[in-house]
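So the structure is just underneath, and the comments pick up after that.
The values are calculated or read from the model by the stated rules, or taken from the named source; none is laboratory data. None of these values were measured; they are calculated from a predicted model. A quick note on method: Cβ atoms are made from the backbone with ideal geometry, for glycine too, and the neighbour counts reach across all protein chains shown.
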Amino acid sequence: METIAKSDITALILAGGQAKRMNRQDKGLILFRNKPLISYVVNIISKNVDSILVSANRNIDLYQEFGEVITDDLPDFQGPLAGISTALNKVKTKYLLIMPCDGPYVSELLLDRLVKAMEKKDTLMCVAAENEYLHPTFALINVSVAPVLSQYLDDGGRKLGKFFKDNRATEVDFSDQPKIFINLNSPEDFLSTKHIHSK
């Protein structure tokens, strides 16, 4: 069984979207409890990975505080797969940890469970799932999938979940940890945490 070390993993935080439901504000930089949303993710993963990349297409200078910023090779905000593809062609580590910028309740358990699944399974991709519902922006992938993803993009594919499904990614169950996947997508989410306590 393979052992995956901290030095084997580069983290990629996805912060390159248009945030339409957030009135196009840059979600990762919006303050939540007086801290930028992205900082919650960085604080959890920084001590468990070799380095951090931030996939962003605006406010590049501000995001540089949280990691090395990369921008999409593809134009016009073509979704998270574009940022992931760019990262896969850049990193020197064997694995890429994918995380969203808008999940303030993520925990170290997420990375720990994904790593253990990758170590045990004969797989190139592990993705988080909850009650058989895929959470595709929480994943650990072997960088050797880069050419497969490039071909998927060349063929017009843009859906991250479909990419994982089509390529038989191992689904890692987090049904006992629903809070991890709570993300803040709209102004209403920031104004109220009622939905958080109800889960």
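Some points to look at:
- Taking every residue in region 99-125 that is farther than 29 Å from GLN25 by Cβ and pairing it with any residue that is polar (S, T, N, Q) and in a loop (DSSP other than H, G, I, E, B), at least 6 positions away or on another chain, the pairs with Cβ-Cβ distances below 7 Å are LEU109/GLN177; GLU119/THR3; MET125/ASN167.
- Residues satisfying the stated conditions in region 115-141, i.e. over 16 Å from the mean Cα position of the chain (by Cα) and of a type in the set (Gly, Ala, Ser): ALA117
- ASP122, sole failed condition from (1) in a loop (DSSP other than H, G, I, E, B); (2) surrounded by 15 or more Cβ atoms within 10 Å (Cβ to Cβ): (2)
- ASP102 vs. criteria loosely packed, with under 15 Cβ neighbours inside 10 Å and either within 12 Å of the chain's Cα centre (by Cα) or over 23 Å from TYR40 (Cα atoms) (or both): no
- Residue in region 3-11 that is modelled with pLDDT under 95 and either part of a loop (DSSP other than H, G, I, E, B) or surrounded by fewer than 20 Cβ atoms within 10 Å (Cβ to Cβ) (or both) present: yes
- Number of the condition not met by SER175 [criteria: (1) modelled with pLDDT of 95 or more; (2) closer than 24 Å to GLU2 by Cβ; (3) not basic (Lys, Arg)]: (2)
- Residues satisfying the stated conditions in region 139-162, i.e. part of a helix (DSSP H, G or I), more than 19 Å from THR10 (Cβ to Cβ) and not charged (D, E, K, R): GLN151, TYR152, LEU153, GLY161
- Test: residue in region 13-27 that is out of contact with any strand residue (DSSP E or B) (no Cβ under 7 Å at 6 or more places or on another chain), surrounded by fewer than 19 Cβ atoms within 10 Å (Cβ to Cβ), modelled with pLDDT of 90 or more and in a helix (DSSP H, G or I): no
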